[in-house]
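One structure is given here, and the rest of the page talks about it.
The values are calculated or read from the model by the stated rules, or taken from the named source; none is laboratory data. Given the structure is predicted, the values throughout are model-derived calculations rather than measurements. Virtual Cβ from ideal backbone geometry, glycine too; neighbours counted across all protein chains shown. Calculation scope for accessible area: heavy atoms of the full protein, side chains included, ligands and nucleic acids excluded. Shrake-Rupley method; radii C 1.70, N 1.55, O 1.52, S 1.80 Å.
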Amino acid sequence: MLTVEKIGGTSMSALHDVITNIIQYNRTGDELYNRIFVVSAFSGVTNLLLENKKTGEPGVYHRIAKYQDFHQSIDDLIIKLQDINKKYVPLGLDQQFADEFIETRVRDAQHYLDNLANILGSGYVSKEGILQAAREILASIGESHSAFVFTNILQNMGIHATLVDLSGFHDHKSYTIDQRIKHTFANIDFTKTICIVTGYAKGTEGIMREFDRGYSEVTFCKIAVAVNPGEAIIHKEYHLCSADPMLVGVDNCVPVGFTNYDVADQLADVGMEAIHPKASKPLEINNINLRIKNTFEPEHPGTLITKDYVCESKRVEVITGTDKVLMIDIYDPLMVGNVGSDYQIMKVFYDMGISYNFKATSANSISIVIWEKDFDKKLIGELEDMFEKVTVEKMAMVCLIGSNIDQPGLLAKSAGALAGKGINIKSAGFALRKVNIQFLVAREDFDPAIIVLNEVMSD
């Protein structure tokens, strides 16, 4: 069975485990082949190139964006990437070969970036387009590096591995991403090789414009659609679990096992991504099943996500949420009976490019929940110009999610459990499909809410 598989950055940094638990696990000879692996950059590398995903600490990109000299940052980057190479020499990496590759690639990128910086400094062109190109060039370095290292190690082990570099670094052809994938894979016999593919793919549309740091999943899904595999697989450093094991304890949660793409979308909406929802749509539309596996537990089948799965019994599959949201409450006594208040509010959100993941209404108010990172004072200012009172409160969202949770008493049971712990529900809601019940609680109540709901749902 042909498979398209993705290996994340944390797993990539544990290459010995990847080789043992994924590449070689229960396979020998020709069984090693007929697999395409889309790889992320080694852990932390994209943070150096762009910015730290969690802390926002600037990388090389931000020096360019601020019209600062970035050459020392480039020199430091080469040293750090070559230090990473040293880690994999015991696995068989040809260090000199790898060091020469990455220095050449980064210096070539520096040449392009110098040209962009000069054009940017002239003031004659749009800053947005130039910076987007710089971001794409920098991002491509991470996956080109990890894919080269991985391929070299496998080849030195005697495994037939093919490096598939979709970064198009010296390719001036105006391919879309789909065209580049089709062209690059056209003459590869998958039954005779393992393909190691860069998670970054160059295309005329710019893979980072819509997805930014989620681009490797886009590449993964586009390849899957192009080759129509028996299964798509994502290898992570953890299982997709019924609750966060770090919070409720490893013994108090289990891998989900089976679920559907609708549930996967609900999880992504609160930051617990099995896969980016926009990236997964091509898989869902083309009826390609997705399996989430734990790199460090290869014997476990993981969780299979399909288009039509519905759990046989009525139960909650996942208890999750986030404590990084804000609730914006818009009040005005003139709302009652007024047509268009909601439209006015949504127009402001749309114009500012801010999405929301919860909304509740009453006669005179509308409450909307957004990610705290998306908060903008201009949003509040515009709303205050239109409505009598706008308040903002830090909040946490706790969710009960599943493919078949439409059971009598579930809302009462969960609300009662929260009340029993002295947790006040600020707001709550669910759509008619009943795949996600959402509770808004105070931030300090987030952990206790997850724990108590996990306890009562496990009874």
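Odds and ends about this structure:
- Solvent-accessible area per residue for the chain (1.4 angstrom probe, square angstrom): 46 Å²
- Overall form of the stretch 120-259 per C-alpha gyration tensor (a/c, 1.5; a/b vs b/c): oblate
- A 1.4 Å probe over all protein chains sorts Tyr309, Tyr124, Tyr261, Tyr33 by accessible area into Tyr124, Tyr309, Tyr33, Tyr261, starting with the largest.
- Listed values (1) 153; (2) 167; (3) 142 include one computed from this model; for volume of the Cα convex hull per residue in Å³ that value carries the label (2).
- With Cα atoms as the point set, the radius of gyration and Dmax of the stretch 264-371 evaluate to 18.9, 61 Å.
- Cα shape, the stretch 346-429, gyration tensor, a/c 1.5 rule: prolate
- Residues Trp371 and Lys347, FRET efficiency given R0 of 25 Å [Cβ-Cβ distance, rounded to 0.05]: 0.80
- Under a 5 Å amide H cut-off, with hydrogens placed 1.01 Å from N, Val254 pairs with Ser242, Ala243 among residues at least 5 apart or on other chains.
- Here the calculated FRET efficiency for Asp189 and Val310, from their Cβ-Cβ distance with R0 = 51 Å, stands at 0.85, rounded to the nearest 0.05.
- Virtual spin-label span in nm between Ile380 and Asp212, 7 Å along Cα→Cβ: 2.1 nm
- What a 1.4 Å probe finds exposed on the chain is 51% carbon and sulfur by accessible area, rounded to a whole percent.
- Annotation: amide H-H contacts under 5 Å for Cys311 (H modelled 1.01 Å from N, sequence separation of 5 or more, or interchain): Ser403, Asn404.
- 19 Å Cα-Cα reach of Lys413 towards lysines, excluding residues that sit fewer than 8 places from it in its own chain: Lys314, Lys421, Lys426, Lys434
- Couplings 3J(HN,Hα) of the stretch 437-451, computed from phi: 9, 10, 10, 9, 9, 5, 4, 5, 9, 4, 4, x, 5, 4, 5 Hz, in residue order, whole Hz [Karplus 6.51 cos²θ - 1.76 cosθ + 1.60, θ = phi - 60°; x for Gly and Pro].
- Charge dipole (the chain, unit charges on Cβ, about Cα centre) - positive-most of Thr55, Trp371, Ile292: Ile292
- Vicinal HN-Hα couplings computed from phi for the stretch 183-188 (Karplus, 6.51 cos²θ - 1.76 cosθ + 1.60; Hz; Gly/Pro x): 5, 6, 8, 3, 10, 9
- Cα shape, the stretch 52-200, gyration tensor, a/c 1.5 rule: oblate
- Cross-link partners of Lys182 among lysines (Cα-Cα below 23 Å; sequence separation of 8 or more within a chain): Lys6, Lys173, Lys192, Lys202, Lys222, Lys278, Lys281
- FRET efficiency for the Tyr112 to Lys86 pair, using the beta carbon distance and R₀ = 35 Å, is estimated at 0.80.
- The slack in the chain from Asn338 to Leu411, taken as 0.36 nm per residue of separation less the alpha-carbon distance, amounts to 23.2 nm.
- Degrees separating the helix 127-156 axis from the principal Cα axis of the chain, which is the longest one: 60 degrees
- Extension gain, Ser122-His16: 0.36 nm per intervening residue step, less the Cα-Cα distance, totals 33.4 nm.
- Computed over the Cα atoms of the stretch 60-100, the ratio of the radius of gyration to the Kirkwood radius (Rg/Rh) comes to 1.18.
- Order by protection proxy (mean Cβ within 10 Å, highest first), peptides 356-366, 233-243: 233-243, 356-366
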